[in-house]
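Data first, discussion second: the structure below is written as C-alpha cells.
The values are calculated or read from the model by the stated rules, or taken from the named source; none is laboratory data. From a predicted model like this one, the values you see are computed outputs, not experimental measurements. Cβ coordinates were reconstructed from backbone atoms using ideal geometry, including for glycine residues, and neighbour counts include every protein chain displayed. For the accessible areas, the whole protein counts, side chains as well, though only heavy atoms, and no ligand, DNA or RNA atoms are used. Shrake-Rupley method; radii C 1.70, N 1.55, O 1.52, S 1.80 Å.
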Amino acid sequence: MSETKNPGEKKLTLTLKPRTETGVVRQSFSHGRSKQVVVEKIKRRTIGGGPEPKAEAPVEAPKKVAATPAAPPPKAPSAPEAPKSGVVLRTLTEEEMAARAHALADSRVREAEERKHAEEEAKRRAVRDAAEKIEREAAEARKRDEDARHKVEEESKRKAGEVAKKRLGDDEVKRPAPGARLKLEAEADDEAPRTARRPGGGAGAARPAAVRPAAPRAAPPKERGRLTLTNALRADEVRERSVASFRRRTQRMKGHAANEPKEKLTRDVTIPDAITIQELANRMSERAVDVIRLLMKQGQMATINDVIDADTAQLIAEEMGHTARRVSESDVEEGLFDTADDEGALEPRAPVVTVMGHVDHGKTSLLDAIRQADVVSGEAGGITQHIGAYQVTSASGDKVTFIDTPGHAAFTAMRARGAKVTDIVILVVAADDGVMPQTVEAIHHAKAAKVPIIVAINKIDKPGATPDRVRTELLQHEIQVESLGGDVVDVEVSALKKTNIDKLLEMIALQAEILDLKANPDRAAEGTVIEAKLDRGRGPVATVLVQRGTLHPGDIVVAGAEWGRVRALVSDTGATVQSAGPSTPVEVLGFSGTPDAGDRLAVVENEARAREITDYRQRQKREKSSARATGMRGSLEQMMAQAKTAGRKEFALVIKADVQGSLEAIAGALDKLGTDEVGARVLHSGVGGISESDVTLAEASGVPIIAFNVRANKEAREAAERAGIEIRYYNIIYDLIDDVKKAMSGLLPPTLRETMLGNALILEVFKVSKVGNIAGCRVTDGTVERGASVRLIRDNVVVHEGKLSQLKRFKDDVKEVSSGMECGMAFENYQDMRQGDVIECYRVETIQRSL
C-alpha cells in the first residue's frame, strides 16, 4: 500500500500483489505424443510481513486504533520505507486509518471465502477420488474374471484335443476340423506380440511378448481417467489403462469369436397378394441380392423392383427359414359386418314387411290404406317405379316397417332387394286377375330369401272377384293357404273400401311374434341402402333401412364404394330425427357420392378406416369395369359369345335417372333388348340432373341423352342446343324402352323379299347392230315388266341374274307384257342368250325389320 507524498492531498491508493504463479508442465502420452499444460499456483496471502502471522493479529490492530486514535498506527507492509535522512513521517489521519481498517476487513472476508472454497474443493476431490478408486477396483475385477475365463477355455480346449487324440488317433486329429482351427487361432494369438505403455513410461514403450494364459502382473494398475488439472499435479498416483484400451484388448483376446456364424433369427413375414422383391427382403431383414439369387436358382430372372405373387413370396420366405403369414387386400373389410351380439343386449324390434305382387294388383293402394296416405295419385301413370320404405304404428301401438316394391317386370332387382332385407312378405294378388308372371317371380324371391309369406287377396269388392280361384292357382306354385290345409296365412282385403285392413295387421303382428325378432340397439349401426339419389341442394341422399344398432348424426358410415359423415337423418314423413334404431327407414345425408342400391351400410370408427375400405372397393370396381371394357375372355363360353357378337351394331346412349334403382332397372331392360345383330350400349349412366359434362360426352360420341324423371339445367340445355344433341325426357319406364327399341330397330339391316312376276320362253335370238342380241320371247305366265330383275335359266340351271334393260313389242317400248303375248327383251351387260332358254321375271322388295 502506498500513499501520496503531498500532505495536503487526502487521496489514498491501495494496491495488491498477484497471488498466483504460473508454470508449464509437459505431459507424455502413448505413441510418442506429448502436450504442454499451463499450471497456476495460488499462494496464501500473509499480512504484516511475518513468516506465519496469526489470525488474531489483524483483528486486534483495528481495535487498538479505534481505542487510542492519537497513537501511531502500525506500519503497513506495502508502505514506502522512511528515508535515512532523519525526516519524521507524519501521522495518519482518521480518514486514512478508517480506509486502512476497511481494506483490512475486506481482505479478512476474502480470506474466509477462499478457505471455504478450498475446503469444498477438498471434499469434492475426496469424493471423486473415492469414485475413481471404486471404478479402478471394478475394472481390475473384470480383468481378473476375463483372464480366469480365458484360462478355463484354453484348458478345456487342450483337454478336448487330448481326448480327440486318444479316441480317433493322430491322423484323424490332424484333419482341419473346427476344433483344430480354433486351437491354431489361439496359438497365433499367444505368439503375437502386443504393445502397451509401461507404468510411467514414455510414448511408444513396448511390452515384451506374453502368452495369453500368463498370470497377471503384480505391478499396480495405471489410472487412465479424465485428464484434469488436479490429476496432472498429483505425483503420488499413476494412471491406469483407459476404457477404450481395455475394450480393444478384450476384442483381441476373443477375435476368433467374431468369425463364428451368428444364430439365424426367424421372423413372421406378412405377405400380401403382390409384393416387390425389395419389400419382401426388408420384411425378412435379408439382403435383396440373396432373394434374387434364390429366384435365379429356381429359374426365374428378376430385379429388385419386380413384383412377385404371394405363392412365390411364401416359398422364398419359407426357404430362408422364416414364417410366412398370408394376408389379402380384402382383409380391410374384416370385422365390418355381422359381429356377434350378446344375447342379454338384444331387444325386440319392429318387423320389416315387403309388399310384392303383379303390376296393377293394388300394392301401393293397400299400403296407402294402411298408412292413410295417398301415394298412388302422385305417381306417373299410376304405376310405382321406385322402392319406398315407411313405418306405421298399428292400433295396438306396435310399429311395422313396410317396403313397397314396383310390380313391373323391369324392376326385378328392386324386388330382390326388398326380399333380402325383409322379415315378412305380403303377396298381393288381385281377386279378379289371379296369379300373373310377376306374382310368380315374387314367390320365387320370397322363397330365395326364406321368409314367411302372407297372401293378401285384393279387390274382393269388384263384381268378378273369385278368391277361391286365386287360392287354387297358388297351389301350382307350392303356396298352400290355411283354408286348404296349408300353413300360409291368407286375408281377403279391399284397399279401395279399406276392408279387413285391421285383420291384415293382426296377422302381421302374429307372424312377427312367432319369429321373435330382436336386435341390439346399443352398438354401431348396420343397415342396407334401399334406394339412393342425387338431390339438388341436399347432395347424395340414401334411403337406409337400419337393421342393427342405432345410427346418429355425426357417425362415419361406409356404403359400397362411398363414405361420409352423417349430416342429418330424415324420416319417411320428412321430419329430422336424432337417431334411427333397428328396423327404422331413414334418409341419410352426407355421403361423398351416390351409393348403389343394395349396398350394405356400416358405421366405422374413423375416417382413415372409411377411406381404406372405400379405396379398396373403388379399385375393385375399376378393375371389373376395365375387364369388361377390354373384353377379357375368361372362359370358352365368353369367347364363343364374343365371336357370335363380333359384327353386331351398337346403339350408344347416355342415361340419367332420378334414383339408383330406376337407373339399374333401365340398364337391365335395355340389355334384354339386344340381339345378335344389334344391342344397346350405355356410355355413361348416373343419378341426378343432366350437366354440361354429360352433354360434352354425348357430343364427343354423337349419342342421344335419355333422361328419366330428371331435367337438364340451363347451361346443359344451351350446350345441347349448340351441339345439336337430342335430350329425350321420360317419366314412365315403358315409354323409354319402346322408343329405344324403335331406334335400335332402325339399325337392323332390312329384309329382301322376292315377288314372282312371270316367265317367258325365248323363241328366237336376233342380232341388232349397236344394240346387241335381242331375245324374241313369248310370255307363258304372269307379266313381264321393264326394269324388273330377271334370271336366265338353261336346262333348269340359273346361268345369269340381272336386270331387264329393254322391253319392246312391235318396235315400241312398253312397260309390261301380259301372258300369251310375244315381245323382245334385252339384258343389261349380257348377250349369251340361246333359243329355248327360260326367262324368270321377279321384283325385289325391301322390308324394314323390328325387334
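Here's the yes/no breakdown for (1) free of Cβ contacts under 8 Å to residues at least 60 places away in the same chain; (2) under 30 Å from I666 (Cβ atoms); (3) open to solvent by 20 Å² or more (accessible area, probe 1.4 Å); (4) not β-branched (V, I, T):
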{"position": "M756", "(1), (2), (3), (4)": "no, no, yes, yes"}
{"position": "G776", "(1), (2), (3), (4)": "yes, no, no, yes"}
{"position": "E785", "(1), (2), (3), (4)": "yes, no, yes, yes"}
{"position": "E822", "(1), (2), (3), (4)": "yes, no, yes, yes"}
{"position": "Q831", "(1), (2), (3), (4)": "yes, no, yes, yes"}
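Filtering region 471-491 to residues that are open to solvent by 60 Å² or more (accessible area, probe 1.4 Å), closer than 20 Å to Q511 by Cα and more than 49 Å from the chain's Cα centre (by Cα) leaves Q480, E482, S483, L484, G485, D487. Of all the numbered requirements in (1) among the basic types (K, R); (2) farther than 30 Å from S745 by Cα; (3) surrounded by fewer than 15 Cβ atoms within 10 Å (Cβ to Cβ), R843 misses one, and that requirement is (2).
In region 794-813, what residues are loosely packed, with under 15 Cβ neighbours inside 10 Å and of a type outside the set (F, W, Y)? Working first, answer last.
So the first thing to find is which residues in region 794-813 are loosely packed, with under 15 Cβ neighbours inside 10 Å, and the list is 795-799, 801-803, 809-813.
Once the filter is applied, which keeps residues that are loosely packed, with under 15 Cβ neighbours inside 10 Å and of a type outside the set (F, W, Y), region 794-813 yields D795, N796, V797, V798, V799, E801, G802, K803, R809, K811, D812, D813.
From the residues in region 269-299 that are without any contact (Cβ under 8 Å) to a residue 24 or more places away in the chain, open to solvent by 30 Å² or more (accessible area, probe 1.4 Å) and small (G, A, S), which one is farthest from Q314 (Cα to Cα)?
G299
Whether any residue in region 520-535 is touching an Asp or Glu at 6+ places or on another chain (Cβ under 6 Å), more than 23 Å from G590 (Cβ to Cβ) and surrounded by 14 or more Cβ atoms within 10 Å (Cβ to Cβ) is what I want to check. Yes, because at least one residue in region 520-535 is touching an Asp or Glu at 6+ places or on another chain (Cβ under 6 Å), more than 23 Å from G590 (Cβ to Cβ) and surrounded by 14 or more Cβ atoms within 10 Å (Cβ to Cβ).
Condition check ((1) within 30 Å of D522 (Cα to Cα); (2) modelled with pLDDT of 85 or more) across all residues:
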{"position": "R349", "(1), (2)": "yes, yes"}
{"position": "L367", "(1), (2)": "no, no"}
{"position": "E379", "(1), (2)": "no, no"}
{"position": "I387", "(1), (2)": "yes, no"}
{"position": "T393", "(1), (2)": "yes, no"}
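Residue by residue through region 422-446, note down the ones that are of a type in the set (D, E) and under 46 Å from the mean Cα position of the chain (by Cα). Those that are of a type in the set (D, E) and under 46 Å from the mean Cα position of the chain (by Cα): D423, E441.
Taking region 514-548, which residues are within 15 Å of A350 (Cα to Cα) and either assigned to a strand (DSSP E or B) or at pLDDT 90 or above (or both)? Break it down stepwise before answering.
First pass over region 514-548, keeping only residues within 15 Å of A350 (Cα to Cα): 514-521, 527, 545-548.
Within region 514-548, K518, A519, G527, L545, V546, Q547, R548 meet the criteria.
Within the bounds of region 736-744, is there any residue that is on the phi < 0 side of the Ramachandran plot, of a type outside the set (A, V, I, L, M) and buried (at least 16 other Cβ atoms within 10 Å of the Cβ)? Quick ask: steps written out before the conclusion?
Let us first name the residues in region 736-744 that are on the phi < 0 side of the Ramachandran plot, namely 736-744.
Applying the additional criterion that residues be of a type outside the set (A, V, I, L, M) yields 738-739, 741-742.
Now drop any that are not buried (at least 16 other Cβ atoms within 10 Å of the Cβ), which leaves 741.
For region 736-744, residues on the phi < 0 side of the Ramachandran plot, of a type outside the set (A, V, I, L, M) and buried (at least 16 other Cβ atoms within 10 Å of the Cβ): present.
Across region 542-565, which residue is nearest to F591 (Cα to Cα) among those that are surrounded by fewer than 23 Cβ atoms within 10 Å (Cβ to Cβ) and without any contact (Cβ under 8 Å) to a residue 60 or more places away in the chain? Selected residue: R565.
Restricting the search to region 702-734, which residues are assigned to a helix (DSSP H, G or I), open to solvent by 60 Å² or more (accessible area, probe 1.4 Å) and at pLDDT 85 or above?
K714, E715, R717, E718, E721, R722
The residue that is modelled with the highest pLDDT, counting only those in region 351-365 that are more than 45 Å from the chain's Cα centre (by Cα) and open to solvent by 10 Å² or more (accessible area, probe 1.4 Å), is S365. Looking across region 307-333, not a single residue is part of a helix (DSSP H, G or I) and among the basic types (K, R). Picking from residues in region 766-791 that are among the hydroxyl-bearing types (S, T, Y) and assigned to a strand (DSSP E or B), the one that is farthest from the chain's Cα centre (by Cα) is T780. Of the residues in region 668-696, how many are assigned to a helix (DSSP H, G or I) and open to solvent by 60 Å² or more (accessible area, probe 1.4 Å)? Residues flagged as assigned to a helix (DSSP H, G or I) and open to solvent by 60 Å² or more (accessible area, probe 1.4 Å) within region 668-696 amount to 5.
Quick check on region 765-772. Is at least one of its residues on the phi > 0 side of the Ramachandran plot and free of Cβ contacts under 8 Å to residues at least 12 places away in the same chain? So far as region 765-772 goes, yes, one or more of its residues are on the phi > 0 side of the Ramachandran plot and free of Cβ contacts under 8 Å to residues at least 12 places away in the same chain.
When region 450-470 is limited to residues that are of a type in the set (A, V, I, L, M) and more than 16 Å from V355 (Cβ to Cβ), the one that is surrounded by the most Cβ atoms within 10 Å (Cβ to Cβ) turns out to be V470. Among the residues of region 483-495, is any more than 30 Å from E607 (Cβ to Cβ) and assigned to a helix (DSSP H, G or I)? For region 483-495, residues more than 30 Å from E607 (Cβ to Cβ) and assigned to a helix (DSSP H, G or I): present.
So, of the residues in region 482-513 that are of a type in the set (V, I, T) and in contact (Cβ under 8 Å) with a residue 60 or more places away in the chain, which turns out to be farthest from P467 (Cα to Cα)?
So the residue we want is I508.
The residues listed here are I304, I275, I292; of these, the one that is farther than 12 Å from R326 by Cβ and not in a loop (DSSP other than H, G, I, E, B) is I292.
Taking region 432-444 as the range and being open to solvent by less than 10 Å² (accessible area, probe 1.4 Å) and closer than 18 Å to T422 by Cβ as the test, the residues that pass are T439, A442, I443. If you scan region 94-130, which residues turn out to be of a type in the set (D, E, K, R), open to solvent by 70 Å² or more (accessible area, probe 1.4 Å) and within 14 Å of I42 (Cβ to Cβ)? Those that are of a type in the set (D, E, K, R), open to solvent by 70 Å² or more (accessible area, probe 1.4 Å) and within 14 Å of I42 (Cβ to Cβ): R110, E113, E114, R115.
Does at least one position in region 739-749 carry a residue that is closer than 28 Å to R538 by Cα, touching a residue at least 60 places away in the same chain (Cβ under 8 Å) and among the β-branched types (V, I, T)? Break it down stepwise before answering.
We begin by selecting, within region 739-749, every residue closer than 28 Å to R538 by Cα; these are none.
No, because not a single residue in region 739-749 is closer than 28 Å to R538 by Cα, touching a residue at least 60 places away in the same chain (Cβ under 8 Å) and among the β-branched types (V, I, T).
Going by what's in this entry, would K447 be described as open to solvent by 10 Å² or more (accessible area, probe 1.4 Å), among the basic types (K, R) and not in a helix (DSSP H, G or I)? Answer is no for this residue. Scanning region 403-450 for residues that are among the hydrophobic types (A, V, I, L, M, F, W, C) and at pLDDT 85 or above yields I424, V425, I426, L427, V428, V429, A430, A431, V435, M436, V440, I443.
Do you know which residues across region 492-505 are closer than 18 Å to V451 by Cα and surrounded by fewer than 17 Cβ atoms within 10 Å (Cβ to Cβ)?
As a first pass, look at region 492-505 and keep what is closer than 18 Å to V451 by Cα: 504-505.
Once the filter is applied, which keeps residues that are closer than 18 Å to V451 by Cα and surrounded by fewer than 17 Cβ atoms within 10 Å (Cβ to Cβ), region 492-505 yields nothing.
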